[in-house]
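Everything on this sheet refers to the single structure shown next.
Taken together, the values in this text are just the output of simple stated rules run on the coordinates, not laboratory data. Every value quoted in this text rests on a predicted model; they were computed, and no experiment measured them. Reconstructed Cβ throughout: ideal geometry from the backbone, glycine too, with neighbour counts over all protein chains shown.
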């Protein structure tokens, strides 16, 4: 696990501890949609946020996907 993945797991644990697993699941689902859209937009020549942060976004996406799979 790299540093970006570890940070996402920590964020999800924080949200789950503070607001419960359903809130952390919603957080993961929202982040997954936003980060996927950012990468898609960068790939189509639009806003380059997704290109600049692609590695960390992809690490976050992997964590979100795993969390969603485990908690849906």
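For this structure, a couple of remarks:
- Fully extended contour minus Cα-Cα distance, from residue 21 to residue 65, at 0.36 nm per residue: 14.4 nm
- Sites residue 4 and residue 47, calculated FRET efficiency, Cβ-Cβ separation with R0 25 Å, nearest 0.05: 0.80
- The helix-only estimate of mean residue ellipticity at 222 nm for the chain, built from DSSP H runs of length n ≥ 4 each weighted as -39500 (n - 2.57), is -28500 deg cm²/dmol after division by the residue total.
- Straightening the chain between residue 55 and residue 34 buys 6.1 nm, computed as 0.36 nm per residue apart minus the Cα-Cα spacing.
- Taking log10 I(q)/I(0) by the Debye sum over Cα atoms at q = 0.16 Å⁻¹ as calculated from this structure, the corresponding entry among (1) -0.85; (2) -0.54; (3) -0.65 is (2).
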